[in-house]
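J.: Here it is: the structure, laid out below.
All of the numbers you see were taken from the coordinates with simple rules; none came from a lab. This is a predicted model, so every value here is computed, not measured. Cβ coordinates were reconstructed from backbone atoms using ideal geometry, including for glycine residues, and neighbour counts include every protein chain displayed.
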Amino acid sequence: MTRVLAILTVTAVCFAFLSGLVYSIWQIGATTTPVDLPALLAGNLDDSGVENPVTAVLLNFRSYDTLLEIGVLVIAGIAGISVAKTSSLEDPELRTSDELLYALQRWLVPLTLLLAGYLLWAGSDRPGGAFQAGAVLAASGVLMRLGGIPMDFLRPGLMLRLGLSLGFSVFLLVAVASALSGSRFLAYPPEMARTLIVAIETVLTLSIAMVLLALFVSAPINNAEEPEEGGS
Amino acid sequence: MTPFLLYALAGAALCSIGLFGFILISHLLRKLLAFNLMGSGVFLVMVGLAQHRSGPDPVPQALVLTGIVVAIAATALAVVLIRRYYHLSGKTSLEDPAQNPPPAPGPRQAREAPHE
Amino acid sequence: MTLWLMAGLLFTPLAWAVLTLLTGFRRGRAITWLGIVIQVLVSLALWAVVAAEGGFQYPLGGWQAPLGIELRMDGLAVTFVLLTALVAAASGLHAGFYLDPDKDWHRYFWPLFWFLWAGLNVVWLGNDLFNLYVGLELISLAAVGLVALGGQSEALRAAIRYLMAALLGSLAYLLGVALFYGQFGSLSLSGIASALNQDIAVEGSGFALILMFFGLALKTALFPMHRWLPPAHGIARSPVSALLSALVVKGSFYIAARLWLELGATLGSLALAQLLGVLGGMAVFWGGWQAFRHSKLKQVVAYSSVAQIGYLFLLFPLTWNTTEAVIIQAQQAMTLQVISHALAKAAMFLSAGNLILSVGSNRLNALAGVSHFLPFSLFSFGLAGVSLMGLPPTGGFAAKWLFLQASLATGQWWWLVVLLGGGLLSAAYVFRVYRASFVEDSDIDHFFHPSRRLEIIPMILALLSLGLGLMAEPVLSVMALAFANGEGT
């Protein structure tokens with residue numbers, strides 16, 4: 001009975017939410033914006049160093065968001081490996097020796113690596129970029145992991161932590177170097193903008209892949225005890 | 001009315017379906033899926049509404065890309081926490097331990113099954 | 001000079017997060033303490049700059065809003081930056097002595113701590129709605145990571161619950177941002193505020209504002225959405241609890257307050273303002289009552305946070321549709337309440353941590369006899385409690401006095417009930433802790449004695465909170481100065 005009541009209440013709440021949202025979207029859709037941001041963006045695109053407007057927004061106009069977003073990713077990685085307190089993330093029982101899987105991997109892994117490289121390169125003038133490339137790279141890592149290929153760099157040691165923070169550190173160094181050279185935090189010198197953006201994207205790709213992979217493999221098994229402060 | 005407004009309205013529908021699931025479902029992984037559904041709805045509203053208003057607009061597209069990465073980070077962290085919680089307590093939901101009898105012993109002692 | 005300071009403020013926490021990630025616990029601690037010194041000095045210098053010259057905008061990457069992201073450094077922002085520096089410095093120092101260096105996972109405390117600090121600074125300076133969203137996520141994920149640190153099942157349960165609430169709150173906020181972008185074509189808060197003055201059709205945006213307030217109130221743990229807070233703040237290590245209660249919940253409240261002060265006059269309504277105020281009032285009573293009833297020390301302090309957060313929401317009804325003077329008064333009251341609660345609550349959690357360390361249990365009745373043994377920590381706890389009760393000359397008193405005046409000036413006498421009743425309830429739960437610790441017939445006769453350094457830090461925080469009532473004038477003058485010239489230079 002309470003279950004039925006709960007479902008009815010939640011349905012009513014969701015329906016009210018939906019109607020409010022639809023009404024709001026409908027109202028907004030019928031007006032015009034006071035600020036024309038796309039035109040402003042197109043006008044400044046030449047100064048950004050890349051031709052793809054989405055990449056320009058991500059890594060130049062709103063690069064602060066992107067910097068912080070990589071920070072969020074690193075936090076998730078840190079928190080992930082901090083609860084998985086094992087000395088090795090490698091699980092021998094997960095290792096398979098399937099001939100078919102190996103054969104498939106010999107084809108798929110180089111192909112995905114190539115695809116990741118292409119996506120990264122394409123990012124400066126057409127859809128693509130660090131995030132897509134990093135996701136594909138992480139996917140090939142997942143494939144290797146599932147196929148039982150040992151990946152020692154994913155042990156929670158210094159290597160893993162270096163990998164996690166590499167993209168973020170390089171991005172941050174560029175930001176700070178720009179501030180130290182007298183302009184604003186994160187302002188690239190216009191003539192170097194393209195080089196810097198491509199460099200940042202490359203290390204970001206590696207770090208994004210690393211974080212996603214680390215989170216995938218930090219399947220936590222461990223028996224280290226810590227008494228809880230707030231527990232009974 | 002352009003097709004883009006339809007995307008925004010579909011996004012609104014996804015949001016409310018996700019909200020329904022998020023509130024009602026107690027299984028943590030399914031709750032997380034509901035959250036992701038809601039997230040997709042929000043992104044659809046963001047892009048669709050802006051595109052309906054002023055044509056293809058790279059700014060919301062970049063925002064959505066950022067939003068997706070943030071959502072991935074949060075989802076991945078949640079999955080790690082949920083798996084570990086399941087491992088330690090044998091429970092898949094957050095029901096109050098005071099109201100329920102103690103759960104069956106979790107798979108903590110046993111070696112974790114490969115197909116969990 | 002200012003540019004260097006801004007770069008230092010933005011850069012240090014992020015860089016220190018990376019540095020401490022690459023080192024172990026002990027070296028991370030040394031690096032952190034160096035970073036704390038830098039951050040406190042930078043914050044103090046920025047405070048002095050704003051006090052002397054007024055607020056300013058800082059366009060990141062040299063791109064002006066709405067194309068780029070502009071930070072807004074005004075009096076309110078710099079006050080919060082300084083407050084964060086003080087409380088985070090105290091918690092960081094305390095954590096350095098409090099956490100066991102031999103537990104391998106404690107090394108991750110430092111990077112998460114620095115990311116949390118970075119996220120808070122993002123929120124205080126944020127003037128871009130989407131940037132604020134990223135800042136909120138930065139704070140939430142770092143906070144969840146800190147709660148889950150150590151990873152036992154109850155801590156994980158609290159962390160997952162916290163994460164779920166935080167995620168729902170962020171999404172509601174982001175949906176509001178999406179609608180705002182559709183309506184105004186801009187993400188800059190001051191840009192939207194100036195567009196609102198041009199008298200355009202904004203029927204759709206009222207709902208967006210409601211969505212954002214829902215999300216932010218959920219993240220601030222406003223009654224009745226507070227249920228995730230006590231487990232998370234209760235189970236975390238004490239320095240973490242201090243950070244969470246003193247600063248993290250203020251982050252989302254601060255965004256709500258900024259939104260309300262900029263856009264509330266056009267997009268808000270009397271019903272929304274009164275609803276938020278009434279929920280705040282109920283939070284004061286419910287949180288106080290739960291704090292009075294709970295049998296665990298840290299849960300008492302956590303529920304007390306629920307109650308104290310409630311006072312903050314009086315800002316909304318007291319600034320709705322009234323004169324400029326009353327609005328300023330309510331803002332001053334809110335600021336003082338945030339500062340005094342942050343200092344007092346950090347002091348309370350840190351001294352509670354010392355007491356727990358000493359008796360080895362979180363239960364109130366295990367505190368019997370501790371008054372002989374840790375009078376110093378117990379005294380800090382009590383001093384912080386005096387500020388929460390709102391007795392003169394504390395910061396809590398000054399805040400409540402200003403709230404009271406603003407209520408009378410707007411004729412909303414019913415908030416007096418909240419202000420007086422809440423004070424009585426706080427007195428009740430603080431005295432309950434005292435009564436438990438003065439029980440003589442203790443069956444334990446061996447207490448662990450935490451080091452002096454652990455005891456001094458909460459005492460300093462408690463004294464600051466106590467003295468805030470006397471120092472309120474310079475604090476408020478900087479804050480109000482920035483509101484006077486609004487957009488800065």
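J.: Can you tell me the 0 to 90 degree angle between the C-alpha axis of helix C:109-125 and the longest principal axis of chain C, rounded to 10?
T.: So the helix axis and the longest Cα principal axis differ by about 30 degrees.
J.: Could you estimate the translational diffusion coefficient of segment A:117-195 from the Stokes-Einstein equation, with Rh from the Kirkwood formula over C-alpha pairs, at 4 °C and 1.567 mPa s, in whole µm²/s? Numbers along the way, then the final one.
T.: Values: Rh = 15.1 Å.
Estimated diffusion coefficient is 86 µm²/s.
J.: Something else about it: Helix C:153-184 versus the longest principal axis of chain C: what is the Cα-based angle in degrees, 0 to 90, to the nearest 10?
T.: Long axis of C:153-184 versus the principal axis of chain C: about 10 degrees.
J.: Could you state the number of Å between the C-alpha centres of segment C:359-426 and segment C:267-311?
T.: Each part reduced to its Cα centre gives a spacing of 14 Å.
J.: Still on this structure, I have one more. So what is the relative contact order of segment B:1-95, in percent, for Cα pairs below 8 Å that sit 6 or more residues apart?
T.: Values: 97 pairs, mean separation 30.7, N = 95.
That works out to 32 percent.
J.: Same structure, new question: Which of the lysines could a cross-linker bridge to B:LYS31, judged by Cα under 22 Å and excluding same-chain residues fewer than eight apart?
T.: Leaving aside lysines fewer than 8 places away in the same chain, those within reach of B:LYS31 are B:LYS91, C:LYS219.
J.: Determine the gain in length on full extension of the stretch C:ALA409-C:ARG435; use 0.36 nm per residue of separation and subtract their C-alpha separation, reporting nm with one decimal. Kindly include the intermediate steps, with their values, before the conclusion.
T.: On the way: separation 26, 0.36 × 26 = 9.36 nm, distance 3.92 nm.
In short, 5.4 nm is gained.
J.: Long-range amide H contacts for C:ASP128: which residues qualify at under 5 Å (H placed 1.01 Å from N, peptide plane, sequence gap of 5 or more or a different chain)?
T.: Under 5 Å from the amide H of C:ASP128: C:LEU189.
J.: Something else: From other protein chains only, count the Cβ atoms within 10 Å of every residue's Cβ in A:41-49, then give the mean.
T.: On the way: counts 6, 1, 1, 3, 1, 0, 2, 3, 0.
If you average over the peptide's residues, the count of other-chain Cβ atoms is 2.
J.: So if I take the centroid of the Cα atoms in segment B:1-37 and the same for segment B:46-72, what is the distance between those two points in Å?
T.: Measuring centre to centre over Cα atoms gives 17 Å.
J.: Sorted from largest down, what three extents in whole angstroms do the Cα atoms of segment C:35-128 have along their principal axes?
T.: Each principal axis gives a Cα extent; for segment C:35-128 these are 48, 29, 17 Å.
J.: Quick one: if you stick a label point 7 Å off each Cα along the C-beta vector at C:ASN365 and A:ALA177, how many nm between them?
T.: Here the modelled spin labels are 6.5 nm apart.
J.: For segment C:380-394, what does the Karplus curve 6.51 cos²θ - 1.76 cosθ + 1.60, with θ = phi - 60°, yield as ³J(HN,Hα) per residue in whole Hz, taken in order and with x for Gly and Pro?
T.: Whole-Hz 3J(HN,Hα) from phi for segment C:380-394: 4, 4, x, 4, 4, x, 4, 5, 5, 5, x, 8, x, x, 6.
J.: If you stretched the chain out fully between C:GLU324 and C:LEU416, how much longer would it get, using 0.36 nm times the residue separation minus the C-alpha to C-alpha distance? It would help to have the intermediate numbers written out before the result.
T.: Values: separation 92, 0.36 × 92 = 33.12 nm, distance 2.13 nm.
Extra length from C:GLU324 to C:LEU416 when fully extended: 31.0 nm.
J.: Turning to a different aspect of this structure: Could you pull the Rg and Dmax for chain A, using just the Cα atoms, both in Å?
T.: 23.1, 69
J.: Still on this structure, I have one more. Step through the residues of segment C:40-49 one at a time and calculate ³J(HN,Hα) from phi using the Karplus curve (6.51 cos²θ - 1.76 cosθ + 1.60, θ = phi - 60°), rounding each to whole Hz and writing x for Gly and Pro.
T.: Per residue, the Karplus-derived 3J(HN,Hα) values read 5, 5, 4, 5, 4, 5, 5, 4, 5, 4 Hz.
J.: Same structure, new question: Among A:ALA42, A:MET159, A:LEU146, whose Cα sits farthest toward the positive end of the charge dipole of chain A (+1 at Cβ of Lys/Arg, -1 at Cβ of Asp/Glu, about the Cα centre)?
T.: It is A:ALA42.
J.: Can you tell me the dipole magnitude for the protein assembly as shown around its Cα centre, using point charges on the Cβ only (Lys, Arg +1; Asp, Glu -1), in Debye to the nearest 20?
T.: Values: 42 positive and 44 negative charges, 292 e Å.
Approximately 1400 debye in magnitude.
J.: Ok, one more. What is the pair-distance distribution P(r) of segment B:1-84, computed from all Cα-Cα distances in 10 Å bins starting at 0, with each bin given as a whole percent?
T.: Binned Cα distances yield the sequence 20, 40, 28, 10, 1.
J.: With a Förster radius of 25 Å, plug the Cβ-Cβ distance of B:LEU33 and A:LEU108 into 1/(1 + (r/R0)^6) and report the FRET value to the nearest 0.05.
T.: Values: r = 27 Å, r/R0 = 1.07.
Once rounded, the FRET efficiency stands at 0.40.
J.: Further, regarding this structure: Grab the DSSP H runs of chain A that are 4 residues or longer, score each as -39,500 (n - 2.57), total them, divide by all residues and round the 222 nm result to the nearest 500 deg cm²/dmol.
T.: Details: 8 runs with 150 residues, N = 232.
That calculation yields -22000 deg cm²/dmol at 222 nm.
J.: Take each of the peptides A:58-65, C:401-408, C:213-220, average the number of other beta-carbon atoms within 10 Å over its residues, and list them starting from the highest. If you can, show how the numbers build up before the last one.
T.: Values: A:58-65: 27.1, C:401-408: 20.6, C:213-220: 24.5.
So the peptides A:58-65, C:401-408, C:213-220, ranked by packing, come out A:58-65, C:213-220, C:401-408.
J.: If you consider only alpha-carbon coordinates, what radius of gyration and Dmax does segment A:1-47 have, in Å?
T.: 20.3, 64
J.: If you don't mind, there's one more thing I want to ask. How large is the charge dipole for chain C, taken about the Cα centre, if only the Cβ atoms of Lys, Arg (+1) and Asp, Glu (-1) carry charge, to the nearest 20 debye? Before the final figure, lay out the partial values.
T.: On the way: 23 positive and 20 negative charges, 226 e Å.
It comes to approximately 1080 debye.
J.: Something else about it: Cut-off 18 Å, label point 7 angstrom out along Cα-to-Cβ of A:ARG126: give me the residues of segment B:19-63 whose amide nitrogen falls inside.
T.: The answer is none, because no backbone nitrogen lies closer than 18 Å to the label point.
J.: Related question: Just grab the label-to-label distance for C:MET471 and C:ARG26, each label 7 Å out from Cα along the Cβ direction, in nm (one decimal).
T.: So the two model labels end up 3.5 nm from each other.
J.: Over all alpha-carbon pairs of chain C, lay out the pair-distance distribution in 10 Å bins, whole %, shortest bin first.
T.: For chain C, the binned pair fractions read 4, 21, 33, 27, 12, 3, 0, 0 percent.
J.: Okay, next question. Which distance in Å, rounded to a whole number, links the C-alpha centroids of segment C:196-223 and segment A:4-21?
T.: 20
J.: Determine the dipole magnitude for segment A:43-217: charges of +1 sit on the beta-carbon of Lys and Arg, -1 on that of Asp and Glu, nothing else is charged, the reference point is the Cα centre, and the result goes in debye to the nearest 20. Display every interim value, and only then the final one.
T.: On the way: 10 positive and 14 negative charges, 62 e Å.
Dipole size: approximately 300 debye.
J.: When the chain is fully extended, how far beyond the present Cα-Cα distance does B:ILE17 get from B:GLU95, taking 0.36 nm per residue of separation? Kindly include the intermediate steps, with their values, before the conclusion.
T.: Values: separation 78, 0.36 × 78 = 28.08 nm, distance 2.25 nm.
Contour length minus Cα-Cα distance gives 25.8 nm.
J.: Would you please report the Å³ per residue occupied by the convex hull of the alpha carbon atoms in segment C:282-489? Please list the in-between numbers first.
T.: Values: hull volume 23.0 nm³, N = 208.
About 111 Å³ per residue, rounded to a whole number.
J.: Quote the Stokes-Einstein diffusion coefficient, in whole µm² s⁻¹, for the protein assembly as shown, based on the Kirkwood radius over alpha carbon pairs, a temperature of 37 °C and a viscosity of 0.692 mPa s. Display every interim value, and only then the final one.
T.: On the way: Rh = 27.2 Å.
Here the translational diffusion coefficient equals 121 µm²/s.
J.: On to the next question. Pull up all non-local amide H partners of C:THR322: gap of 5 or more, or a different chain, and H-to-H distance under 5 Å with H placed in the peptide plane.
T.: Hits under the 5 Å cutoff: none.
J.: How many nm is it between the label spots at A:VAL22 and A:MET151, if each spot is 7 Å from the Cα in line with the beta carbon?
T.: Going by the 7 Å Cα→Cβ label model, 4.4 nm.
J.: Okay, next question. Counting helices only, and only those DSSP H runs with n ≥ 4, report the 222 nm mean residue ellipticity of chain C as the sum of -39,500 (n - 2.57) divided by its residues, in deg cm²/dmol to the nearest 500. The partial results should precede the final answer.
T.: Values: 20 runs with 370 residues, N = 489.
That comes out to -25500 deg cm²/dmol.
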